[in-house]
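K.L.:
Please find one structure pasted underneath; my questions will follow.
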């Protein structure tokens, strides 16, 4: 292999091909790229293929990846979200960090770790992967749910803790570099850091918005400027002794207030993933498989603590604050893994000489195990709750004041129509039904959608269509129709469509009325009818029919049967 890889270019090409192959295998197993990238690093290291020899080039790409990653963290530091969630985000986020770090430290001491190493490992266990959680919640269409919003809130709190931890680590690095006794030199470096922060504040106040507005006329130039800012701040921070990580973070903060931050973030995300590959390759290539094997028992104990202990901590805090156990359980599962920041944090400690290679390998193993397993836990969270929920009653108060209050107890218990999904289509339908004199109850798992519907004068409830306990509490006895406007949403181990689950639950509850379900393709329509839907609504096709009738002057109510085109069937179909 060494004879073939005679150049750094050939070596990088080999690593990229290996990453593509392993990444594809990970995709089939529903694993995030982080797991695949670390696996590539271990495979390419001296213990296996021994591919990595261009250490300088890979180290450079690794440093760029970390700078871009921290830049994107800085640009996403939305303090307004933390403020809007208030005590929920702060108490849950800080509580989880404190309890995880405290118990993790004691666990490390019990297993024989040195106190400094135990502190590093315990802090590394507190960080959860925002990238993975947001991706999984978005795929499940739960990013706007109550537990999704709470998870985003305490993830931002964790990001703030990451910032503080790296500042503390940078300060410790200054002390180590100066022998720990040069107080004047330490103060000089900290003074330079304060000056750098002041520069960021001035940039935000006077330069960021007008400059980014001019650069936005050429989006490519805006992205180049963002990368340049990240690398320049990282370089300056490194030169004054604060570390590249803190510099990249401050560069992101400098652009966080601009209206173009989402554009910058979206365009830099693929570059971040590409460059982070080399960080994980550099990390994995330093690990000795023999050493990893010796640490497997400790890694399993810490992994069990993260996979089980972290969700229980969140569940206990949220239950104490007045949330239902279902909400606490679903939010708690999102912290059942450590993140890429855990690996960066322990790598910084290793570079500073505070911890040895054993700690680096231990946290890497915990990361591989917890990330790999938590993906399935979050993906099948509703299935898990269905089997474990009855054992979690101890985590729920008799009253749940933090959950959106029910309006079904205000003398409005009856309903002619129960509409699931208070988006644009569902809300418009509910309003029109109500104008015709029908009693309508709307349901959505997005608290903001529920509040908006109530402001419009509708009776709306917060709840999950896959929760049988919630469905049983709805006024289905006298309802004529159950209407679902929710899109396709796979749930459970069999990836059952949530619309199918809803139809099954309402029938199991004894609902004898009719069921209407929204569909967006011919294939979905056929399957929904086969599953027992009495009426299938096709919003785009129905709107097109009505628009054509208005344009052509057809009398209202007169419909012309025409072939309907499905996005999955470009040639058309015989469905009318």
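K.L.:
Pop a pseudo-label 7 angstrom from the Cα along the beta-carbon direction at both residue 456 and residue 225 and give the gap in nm to one decimal.
P.N.:
Label-label distance for residue 456 and residue 225, simple model: 4.0 nm.
K.L.:
Here is a follow-up. Would you mind computing, in nm to one decimal, how far apart the modelled labels at residue 531 and residue 291 are, each placed 7 Å from Cα along Cα→Cβ?
P.N.:
About 5.1 nm separates the two model spin labels.
K.L.:
Just to confirm the number: angle between the C-alpha axis of helix 183-202 and the first principal axis of the chain, 0 to 90 degrees, nearest 10?
P.N.:
30 degrees
K.L.:
Can you give the helix-only mean residue ellipticity at 222 nm for the chain, where every DSSP H stretch with n ≥ 4 adds -39500 (n - 2.57) and the sum goes over all residues, rounded to the nearest 500 deg cm²/dmol?
P.N.:
Using -39500 (n - 2.57) per qualifying helix, the result is -20000 deg cm²/dmol.
K.L.:
Helix 498-508 versus the longest principal axis of the chain: what angle, 0 to 90°, nearest 10, using Cα atoms?
P.N.:
Relative to the chain, helix 498-508 is tipped by roughly 50 degrees.
K.L.:
Right, another one. Give the distance, in whole Å, between the Cα centre of region 494-538 and the Cα centre of region 460-479.
P.N.:
After rounding, the separation between the Cα centres reads 16 Å.
K.L.:
Candidates (1) 84, 66, 41; (2) 71, 61, 56; (3) 84, 55, 53; which is the computed Cα extents along the principal axes in Å?
P.N.:
Read-out taken from this structure: (3).
K.L.:
Using Cα pairs closer than 8 Å and at least 6 residues apart in sequence, work out the relative contact order for the chain, in percent.
P.N.:
Values: 858 pairs, mean separation 87.0, N = 576.
After rounding, I find 15 percent.
K.L.:
To the nearest 0.05, how large is the calculated FRET efficiency for residue 29 and residue 448 if R₀ is 25 Å and r is the Cβ-Cβ distance? List each step's numbers first, then the result.
P.N.:
On the way: r = 35 Å, r/R0 = 1.39.
About 0.10, to the nearest 0.05.
K.L.:
Could you work out how far the C-alpha centroid of region 328-379 sits from that of region 275-291, in angstrom?
P.N.:
The distance from the Cα centre of region 328-379 to that of region 275-291 comes to 14 Å.
K.L.:
Full-extension gain between residue 514 and residue 320, please, as 0.36 nm times their residue separation minus the C-alpha to C-alpha distance. Let's see the in-between values first.
P.N.:
Numbers: separation 194, 0.36 × 194 = 69.84 nm, distance 4.02 nm.
Between residue 514 and residue 320, full extension yields an extra 65.8 nm.
Read the figures in this text as sums done on the coordinates, not as results from a lab. Values in this document were obtained by computation on a predicted structure and should not be read as measured data. A quick note on method: Cβ atoms are made from the backbone with ideal geometry, for glycine too, and the neighbour counts reach across all protein chains shown.
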